[in-house]
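Here is the structure we will look at, set down as structure tokens.
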Amino acid sequence: MNIEMAMEKGNRMEFLLKGGSTSFANLLRRFGMGQVPVFAIDSVTFYENSSAMFDEYIAHRIGQVPLVSDSAGKAKDEILLTLEASGPSTVYTKELKSSDSKIRSALDNIPLLKLLEGQNLRLEAKALRGIGRQHAKWQAGLIAYEALDGKEFKFKTETFMQLEPREFLTSAADQIIMRCEELDGKLTDVKKKED
């Protein structure tokens, strides 16, 4: 197999995969979109909300904020983010303060809500590591491919800012390898039981 890079800019990447099969291209696409672990806000606890927005509406907006993640870490990691704001002001994602400096909002300029004079917002959000197969908020990006001929595929990748495109694909490949090793171990166990 051979890879030729066509374009890499920001959160997008295009490359040509030569010498692969349709099943391998689809495996890479599916694992990239559904099995790459990233952080996302899972629950929000409100201590004060005198804004015009319902708690549930604000929690939903905060839950869709992409969080910069690293591909290392444990599945059980839990990060707390806090937000305290008073009006009059527009509350942006940059105001979310994380308990871990590595995990933060991918974009600082996403408006969450507008507070008027005398309105306050105080909350705590819990971010967990998950995969896109569990919920869309944990989906790290999109991967699409076009079959040019029997063994050449043009891939287009776009991350949702949690990971860089190369790290996104590397993490997908790591997940594939891990599953193959798991299958190999299970097959070895079955063979031992038969003997």
Of all strands (runs of 3 or more DSSP E) completely enclosed by region 82-171, which ones contain at least 2 residues that are over 30 Å from A25 (Cβ atoms) and of a type in the set (V, I, T)? 89-92
So which strands (runs of 3 or more DSSP E) stay within region 1-78 end to end and still have 1 or more residues that are of a type in the set (A, V, I, L, M) and crowded, with 20+ Cβ neighbours inside 10 Å? 12-18, 38-49
Go through region 109-135 and give me each residue that's under 20 Å from P88 (Cβ atoms) and exposed (fewer than 15 other Cβ atoms within 10 Å of the Cβ). N109, P111, K114, L116, E117, G118, N120
The number of residues in region 7-20 that are more than 21 Å from M161 (Cβ to Cβ) and in contact with a Phe, Trp or Tyr (Cβ under 9 Å, 6 or more places away or on another chain) is 4
Taking region 104-143 as the region of interest, how many residues are of a type outside the set (D, E, K, R), within 11 Å of I41 (Cα to Cα) and touching a Leu at 6+ places or on another chain (Cβ under 9 Å)? 4
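Yes or no, residue by residue, for (1) in contact with a helix residue (DSSP H, G or I) (Cβ under 9 Å, 6 or more places away or on another chain); (2) β-branched (V, I, T); (3) not assigned by TED's automatic domain parsing to the domain that holds L116:
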| site | (1), (2), (3) |
| --- | --- |
| F15 | yes, no, yes |
| L28 | yes, no, yes |
| E48 | no, no, no |
| M53 | yes, no, no |
Against the definition (of a type in the set (A, V, I, L, M, F, W, C), farther than 16 Å from R122 by Cβ, in contact with a Pro (Cβ under 7 Å, 6 or more places away or on another chain) and modelled with pLDDT of 90 or more), how does M13 come out, yes or no? yes
All but one of (1) crowded, with 16+ Cβ neighbours inside 10 Å; (2) over 20 Å from K18 (Cα atoms) hold for K191; state the number of the condition that does not hold. (1)
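Here is a yes/no grid of residues against (1) within 24 Å of the chain's Cα centre (by Cα); (2) closer than 27 Å to R166 by Cβ; (3) touching a residue at least 40 places away in the same chain (Cβ under 8 Å):
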{"site": "E4", "(1), (2), (3)": "no, yes, no"}
{"site": "A25", "(1), (2), (3)": "yes, yes, yes"}
{"site": "R29", "(1), (2), (3)": "yes, yes, yes"}
{"site": "G34", "(1), (2), (3)": "yes, yes, yes"}
{"site": "Y47", "(1), (2), (3)": "no, no, yes"}
Search result, residues across region 1-60 that are β-branched (V, I, T) and within 24 Å of L169 (Cα to Cα): I3, T22, V36, V38, I41
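The values are calculated or read from the model by the stated rules, or taken from the named source; none is laboratory data. The shown structure was predicted, so the numbers you read here are calculated from the model rather than taken from an experiment. Every residue, glycine among them, receives a Cβ derived from its backbone with ideal geometry; neighbour counts consider all protein chains shown.
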